[in-house]
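The structure appears below as structure tokens.
Each reported figure results from applying straightforward, stated rules to the coordinates on display, with no laboratory input. From a predicted model like this one, the values you see are computed outputs, not experimental measurements. Neighbour counts run over all protein chains shown; Cβ positions are idealised from the backbone, glycine included.
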Amino acid sequence: MGWILFIAIAIASWAVSYSLERKFKKYSQVPLRLTGKEVAEKMLRDHGITDVQVVSTPGQLTDHYNPTTKTVNLSEAVYSQANVAAAAVAAHECGHAVQHQVEYAPLGLRSALVPVVSFASRWVTWVILAGIIFIETLPQLLWAGIGLYGVITLFSFVTLPVEIDASRRAVDWLQESGITQGETTEMASSALHSAAYTYVVAALGSLATLVYYILVADRRN
């Protein structure tokens, strides 16, 4: 039964990723008057944010907001291109900057969890593997690994409202500012909704894996 669940999640993850890639490719062909950089700078100005810089970062799907350096980092294509997909991504990342400005609680919680999650991610595989090997003599080790994985799972669920709220702020502002209207607003919304589904699937996959480890530990006990 467990393998069926994992296969279902894997299929869902592939379907969501395929849909997301297809939409962004399609909406990248719909031109707008502003580049991703210009969209980001305008959204920051409109929200009275003057201490955040918009910069270009190498690679694809590398777009992110860094609250420590106060930078909106846009991938090269998003930074320089003027289309619906670029505008949606740029506005979404600026949505995180707005969250930071208004002290959006889930963002604060996610930021607080980052150091713990970084530690857990570095060690969880080794601790769980050692826990399985030494399950008969040191069962506490597996439970320690499960605890580390639980932190990672918690982080994935805390991320959901952060990402969904940033997308909502992005779409609302794109329409209010007139950068997108009617059909192009729907396109931006559709693209960001597809992106949000990737986080939902990842969170469910993490939860399923956590439950699996708990059942393994419980059976061995």
> Going highest first, how would you order 171-182, 142-153 by mean Cβ packing within 10 Å?
Replying inline: 142-153, 171-182
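Counting only complete DSSP H runs, which helices of the chain cover 27 Å or more along their long axis at the Cα atoms and score a mean Kyte-Doolittle of 0.5 or above?
Numbers: long enough: 2-27 (37 Å, 0.60); 105-133 (40 Å, 1.44); 139-177 (57 Å, 0.58); 183-220 (56 Å, 0.59).
Span-like helices here: 2-27, 105-133, 139-177, 183-220.
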> What FRET efficiency, computed as 1/(1 + (r/R0)^6) with R0 = 22 Å and r the Cβ-Cβ distance, is obtained for GLU21 and SER177, rounded to the nearest 0.05?
Replying inline: 0.25
> Which residues' amide hydrogens lie under 5 Å from the amide hydrogen of ASN83, considering only partners 5 or more residues apart or on another chain, with H built in the peptide plane?
Replying inline: LEU32, GLY36
>> Just want the answer: with Cβ charges of +1 for Lys and Arg and -1 for Asp and Glu, which residue in VAL39, TYR18, GLY182 is farthest toward the dipole's positive end in segment 2-220?
In response: TYR18
> Can you list the residues, at least 5 places off or on another chain, whose amide H is less than 5 Å from the amide H of ASP63, using H built in the peptide plane?
Replying inline: SER75
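Hey, what D do you get for the chain in µm²/s if you plug the Kirkwood alpha-carbon radius into Stokes-Einstein at 37 °C and 0.692 mPa s? Could you put the intermediate results ahead of the total?
Values: Rh = 18.9 Å.
Rounded to a whole number, D works out at 174 µm²/s.
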> Once Lys and Arg get +1 and Asp and Glu get -1 on their Cβ, which of LEU210, TYR65, VAL84 lies farthest toward the positive end of the dipole of the chain?
Replying inline: LEU210
> With labels modelled as points extended 7 Å from the Cα through the Cβ direction, what inter-label distance (nm, one decimal) is found for ILE7 paired with GLN60?
Replying inline: 3.0 nm
